[in-house]
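Chemist: I'd like to ask you about the structure that follows.
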Amino acid sequence: MSTFFTPGPAALFPTVEGHYAEAFRQNIGSISHRSSAFRKIYQHADEQLRQLFGLPKETAVLFTGSATEIWERVLMNTVEHESFHLVNGSFSKKFFDFSQELHKYAHAMHKPFGEGFDAAEVIVPEYAELICCTANETSSGVQMRAAEIHKIKKAHKDKLVMVDMVSSAPYPNLDFNLVDSAMFSVQKAFGMPAGLGVWIANEKMLAKSERMKLHGDTVGTYHSLPSLWENYKKFETPETPNVMGIYVLGKVAEDYNRIGVDVMRKETDRKAKALYDFAKKSDQFDIFVTNESHRSATVVVLNCKTLAGEVIKQVQAKSDFILGAGYGKMKETQIRIANFPAVNLEQVEALIATLGSI
Ligand SMILES: *Cc1c(COP(=O)(O)O)cnc(C)c1O
């Protein structure tokens with residue numbers, strides 16, 4: 001059986017298949033989303049995610065179709081005029097593009113592909129209402145450390161801070177007493193099939209959205225922050241949601257809590273170190289991100305001395321490991337290796353052995 005080291009969709013977490021089987025056994029695909037059975041499923045996912053992320057009381061856990069949707073929702077609901085984006089790759093750029101497409105005044109600080117941000121160098125425009133950070137830029141394998149994001153918020157308490165943690169959650173140790181909002185989708189580090197976005201938002205976000213609505217701004221229809229939040233209070237959703245996905249997410253989050261998020265973070269660090277140490281010594285591969293503190297723990301990007309497509313083919317032929325290709329223009333020169341909880345140290349070591357043998 002293939003092992004996927006692709007950065008999303010990614011390898012399924014080992015318990016996922018069993019949770020889906022149990023969901024089918026319990027007819028979860030057919031129950032009403034206005035039933036107490038569904039409300040219990042939502043509440044369970046909420047409790048487990050709250051524990052996993054250490055969420056304070058005044059935050060909501062909301063469900064959408066995808067993380068891409070949440071980029072749009074967060075801009076529509078909390079930016080009256082101006083947003084500010086830290087842009088250093090394709091995903092952070094898309095967030096910035098969405099703001100322009102929505103006719104907001106989008107400011108950005110740009111860094112070249114493969115470079116990251118530290119709080120000390122970030123100058124936030126005076127009138128920016130929302131600061132948009134990407135905890136892990138999946139296209140280039142660059143992370144922004146939680147401590148740097150916290151510093152930005154501490155220096156700009158009057159502004160809202162939004163974190164795209166799609167390709168790293170629950171790895172970043174974010175303090176949700178500081179950070180106002182964050183989001184992820186389930187097909188990355190939660191090791192589930194795609195089709196569910198998770199939006200964490202606090203009451204300041206809700207208050208902003210309600211103020212905008214009052215002023216006649218369009219904050220969206222079924223997935224406006226006020227409508228999501230109103231439904232959340234009864235553990236419901238405005239539309240018929242991905243009930244199976246919400247059920248399995250609650251179960252996976254429970255599995256993660258059982259392992260312990262700190263243990264998981266350490267394990268991620270251990271696997272990342274093994275991969276980077278291998279690349280340092282290899283004459284076939286180089287580490288792409290030069291600044292060690294910006295190097296992603298969850299998506300390892302390596303430069304290849306030979307055609308990346310050939311490397312990917314050989315690794316698959318030899319060991320049935322599926323690697324991610326470089327993003328966009330980097331397709332021919334880079335490989336991307338997802339270091340998510342679904343792959344264990346043994347599997348990472350087996351991949352390293354294969355990479356070393358080609
Ligand atoms: C994958 C990804 C997204 C988009 O997620 P979807 O589930 O495809 O909507 C957004 N941001 C980052 C950093 C990602 O890696």
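The values are calculated or read from the model by the stated rules, or taken from the named source; none is laboratory data. Fair warning: this is a prediction, and the values are worked out from it, not measured in the lab. Positions of Cβ are generated from backbone atoms using ideal geometry, with glycine treated the same way; all protein chains shown enter the neighbour counts.
Chemist: Could we say that Met162 is assigned by TED's automatic domain parsing to the domain that holds Ser140, surrounded by 24 or more Cβ atoms within 10 Å (Cβ to Cβ) and closer than 23 Å to Thr240 by Cα here?
Modeler: no
Chemist: Can you go through Arg265, Arg258 and tell me which one is more than 20 Å from the chain's Cα centre (by Cα) and in a helix (DSSP H, G or I)? Even if it seems obvious, please write down each step before you answer.
Modeler: On the way: Arg265 fails: more than 20 Å from the chain's Cα centre (by Cα).
Being more than 20 Å from the chain's Cα centre (by Cα) and in a helix (DSSP H, G or I) holds for just one of Arg265, Arg258, which is Arg258.
Chemist: Here is a list: Gly309, Gly328, Gly245, Gly260. Which entry is in contact with a Leu (Cβ under 7 Å, 6 or more places away or on another chain) and of a type outside the set (Val, Ile, Thr)?
Modeler: Unique residue meeting the criteria: Gly245.
Chemist: Could you count how many residues in the range 149-174 are over 22 Å from Met76 (Cβ atoms) and within 16 Å of the ligand (Cβ to nearest atom)?
Modeler: Residues in the range 149-174 being over 22 Å from Met76 (Cβ atoms) and within 16 Å of the ligand (Cβ to nearest atom): 8 in total.
Chemist: OK, next. Of the residues Glu115, Glu80, which single one is in contact with a helix residue (DSSP H, G or I) (Cβ under 9 Å, 6 or more places away or on another chain) and within 19 Å of Ser167 (Cβ to Cβ)?
Modeler: Every option except Glu115 fails the conditions.
Chemist: Next up: Please go through the range 185-228 and give me each residue that is of a type in the set (S, T, N, Q) and either touching a Pro at 6+ places or on another chain (Cβ under 7 Å) or outside the structural domain of Glu239 (by TED's automatic domain parsing) (or both), ordered by number. Show your work before the answer.
Modeler: So in the range 185-228, the residues of a type in the set (S, T, N, Q) come out as 185, 187, 202, 209, 218, 221, 224, 227.
Passing the criteria: Gln187, Ser209, Ser227.
Chemist: Mind listing just one residue for me: the one in the range 55-97 that is closer than 22 Å to Glu236 by Cα and among the small types (Gly, Ala, Ser) and, of those, farthest from the ligand (Cβ to nearest atom)?
Modeler: Ala60
Chemist: Of everything in the range 114-132, what is surrounded by fewer than 17 Cβ atoms within 10 Å (Cβ to Cβ) and aromatic (Phe, Trp, Tyr)? Give them in sequence order.
Modeler: Across the range 114-132, the qualifying residue is only Tyr127.
Chemist: From the set of residues in the range 201-211 that are of a type outside the set (Ser, Thr, Tyr) and touching a helix residue (DSSP H, G or I) at 6+ places or on another chain (Cβ under 7 Å), which is surrounded by the fewest Cβ atoms within 10 Å (Cβ to Cβ)?
Modeler: Glu210
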